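Colleague: I have a structure here, written as structure tokens, and I will follow up with some questions on it.
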Amino acid sequence: MHTEKKIKSELKYDGNIIKVFFDTVEIENGSIATRDVVRHKGASCVAPVTDNGELIFVRQFRYPLGYELLELPAGKLDSIGEDPYLCAVRELKEETGCTADEITYMGDFISTAGFCDENIRLYMARGLHMGEMELDEDEFLDVIKIPMEKAKDMVLNGEITDGKTQALVLKVCAKLGK
């Protein structure tokens, strides 16, 4: 198994969502190298599936990109120890107003392993019950229902570009035979 040994780690930035470190490591051949590392608490993403075979998406402005993205509901863990399942339940309710009879774990999505440890836990929600959204005060989004097969086509033709959403749409379609 390949590995690298951390020799030193310096905190360079301590933000609300991420921490950035400059690490010095010893690599396999004994040489010394440096690594920029972003530490993230993790997140959950949930694919709400309606009884009519639609997926419920949110469209929201993403400041780092400067435009809106079509995404499945998702959010960061409130703390390092938070249960990702409970985060998925919370984000489903906050962003869509839905609760679900069944929420199934669909795997992990590692967003950018070259410099970040963010792990997004993926879930599928079924048996939906519609209710009122509970958006954070700084959240503005639109809820959009898209038939599952159309959503899959949108992933494959590049209309849906968010990585976690792409992965989860394809996983749900494969699981449900769509």
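Colleague: Treating the beta-carbon of each Lys and Arg as +1 and of each Asp and Glu as -1, no other charges, what is the dipole magnitude of the chain about its Cα centre, to the nearest 20 debye?
Modeller: Using only the charged Cβ atoms, the result is roughly 600 debye.
Colleague: Shifting gears a bit: Report the Cα centroid-to-centroid distance between region 122-168 and region 1-21 in angstrom, as an integer.
Modeller: 32
Colleague: Please list, ordered by chain and number, the residues whose modelled amide H lies under 5 Å from the amide H of Gly42; skip anything fewer than 5 residues away on the same chain.
Modeller: Sorted by chain and number, the residues that satisfy this are Leu77, Asn119.
Colleague: Taking the chain as the reference, fit the longest principal axis to its C-alpha atoms, fit the long axis of helix 84-96 to the helix C-alpha atoms, and give the angle between the two in degrees, 0 to 90, nearest 10.
Modeller: Tilt of helix 84-96: around 50 degrees.
Colleague: With 18 Å as the cut-off, how large is the P(r) tail for region 75-146, expressed as percent of Cα-Cα pairs?
Modeller: Counting pairs separated by more than 18 Å, the tail of P(r) holds 47 percent.
Colleague: Could you name the lysines in cross-link range of Lys164, using Cα to Cα under 18 Å and dropping any fewer than eight places away on the same chain?
Modeller: Cα-Cα hits under 18 Å: Lys41, Lys76, Lys145, Lys150, Lys152, Lys175.
Colleague: By a straight-distance test (C-alpha under 13 Å), which aspartates and glutamates pair with Lys6 as possible cross-link partners, with residues fewer than eight away in the same chain excluded?
Modeller: Asp23, Glu26, Glu28, Asp36
Colleague: Can you list residues whose amide H is under 5 Å from Cys116's amide H, if they're 5+ apart or on another chain and H is modeled 1.01 Å from N?
Modeller: Long-range HN contacts for Cys116: Val38.
Colleague: Can I get the semi-axes of region 1-52's equivalent ellipsoid? Compute them from the C-alpha gyration tensor as square roots of 5 times the eigenvalues, in angstrom, largest first.
Modeller: Working: eigenvalues 240, 62, 7 Å².
Here the semi-axes work out to 35, 18, 6 Å.
Colleague: Under a 10 Å cutoff between Cα atoms, tell me which one of Leu70, Leu156, Leu168 has the largest fluctuation in the Gaussian network model of the chain.
Modeller: Leu156
Colleague: Now for a different question. Hey, if you put +1 on the Cβ of every Lys and Arg and -1 on every Asp and Glu Cβ in region 1-62, which of Val49, Gly15, Val25 ends up farthest toward the positive end of that dipole?
Modeller: Gly15
Colleague: Dimensions of the chain along principal axes (Cα, Å, largest first)?
Modeller: Cα extents, longest axis first: 58, 36, 31 Å.
Colleague: Taking the Cα centre of region 63-150 as origin and charging only Cβ (+1 Lys, Arg; -1 Asp, Glu), how large is the dipole, in debye to the nearest 20?
Modeller: That gives a dipole near 420 debye.
Read the figures in this text as sums done on the coordinates, not as results from a lab. Bear in mind the structure is a predicted one, so any value in this text is a computation, not a measurement. Neighbour counts are summed over all protein chains in view; Cβ atoms, including those assigned to glycine, are modelled from backbone coordinates with ideal geometry.
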